[in-house]
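What follows is one structure encoded as structure tokens, with my remarks underneath.
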Amino acid sequence: PDAWASRLPPPFEHLRAGEAPLFEDPRIAWGFDGLGGVEDSTVLELGPLEGAHSYMAQAAGARHVTAVEANAKAFLKCLVVKELLGLDRCSFLSGDAVEYLSASDQHFDLCIACGILYHMVEPVRLIDLISRRARRVVVWTHFYDDQILANKRLAKRLGPAQAMDYEGFRHQVHRHRYSFDTRLAGFCGGTRPYSHWLRREDLLGAFAHFGWRDVEIAFEEKSHPNGPALALVAT
């Protein structure tokens, strides 16, 4: 009963699920618009959660959506949504996004990476892998900012800065521990006990380092209750 995050779209809005309006997500609508639409595009979604953004891509005219989900319960919810909403141009795969991108030679017109970067142990590696497989990207993610320390709940989970180097890109990460959240019915975090959060400047620096241009930012919330966040599109 407590496993769902999203409110289902019409005509199924009466069904018991979650409350988040992810099937009509303004961040994704903004991203599609900023990238010139997705009509007849091949789309890769990383971490689809419950299939909401894949649904939006199909509704916007995508030719096909390939969505990769590592969380077993989230993957099963995606399959429920696929059948319920008739997502006949969406394929949901169960597995690790990094492993999929490392092994695949398929290229996509667009990658949706909404709510996944801050769940990665190597977020910069994921940015690199996306750059090898997609021409356009829409992202939403949390990032580290020193003002997080004023949030006692988050301050307990986030560690000090650690210097990292990936493919010549030097950056800092802060370890984020999931703690007891992994025991919750609706847990939708990463597959490890922790992840690494990037600082804002390193997040944008990584996209620049791996060749992304025409970066636009929106929906930036420094005071988001779960940590500072922003959305971006790039080509």
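Structure above, values below:
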read-out	value
Cα extents of the stretch 61-147 along the three principal axes, largest first (Å)	43, 29, 24
Cross-link partners of Lys156 among lysines (Cα-Cα below 25 Å; sequence separation of 8 or more within a chain)	Lys222
Bins of 5 Å, starting at 0 and running to the largest distance - Cα pair percent for the stretch 195-235	6, 20, 29, 25, 13, 6, 0
Debye equation applied to the C-alpha atoms of the stretch 110-154, log10 I(q)/I(0) at 0.13, 0.17, 0.23 Å⁻¹	-0.37, -0.56, -0.82
Cα-projected label distance for Glu220 with Ser91, points at 7 Å along beta-carbon direction, nm	3.8 nm
Hull-based mean projected area of the stretch 1-147, where the convex hull spans the alpha carbons, in square nanometres	9.3 nm²
Percent accessible area from carbon and sulfur atoms, the chain, protein chains only, probe 1.4 Å	52 percent
Computed magnitude of the charge dipole of the chain (debye, nearest 20; Cβ of K, R +1, Cβ of D, E -1)	760 debye
Cleavage-rule hits, chymotrypsin sites (Phe, Trp or Tyr not before Pro), the stretch 1-79, DSSP coil, Cβ neighbours within 10 Å at most 15	Phe12
Convex hull volume per residue in cubic angstrom - Cα atoms of the stretch 12-55	89 Å³
Kirkwood estimate for the stretch 22-99, i.e. one over the average of 1/r between Cα atoms, Å	12.3 Å
Computed E for Glu99/Tyr166 - FRET, C-beta separation, R0 22 angstrom, nearest 0.05	0.85
Helical segments meeting 15 Å axial Cα length and Kyte-Doolittle 0.0 threshold in the chain (DSSP H)	72-85, 123-133
Cα convex hull volume per residue for the stretch 79-220 (Å³)	143 Å³
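The values are calculated or read from the model by the stated rules, or taken from the named source; none is laboratory data. In this text, all values refer to a predicted model and were calculated from it rather than measured experimentally. We place every Cβ from the backbone using ideal geometry, glycine too, and count neighbours over all the protein chains shown. Note: accessible area is taken over every heavy atom of the protein model, side chains too, but ligands, DNA and RNA are not part of it. Shrake-Rupley method; radii C 1.70, N 1.55, O 1.52, S 1.80 Å.
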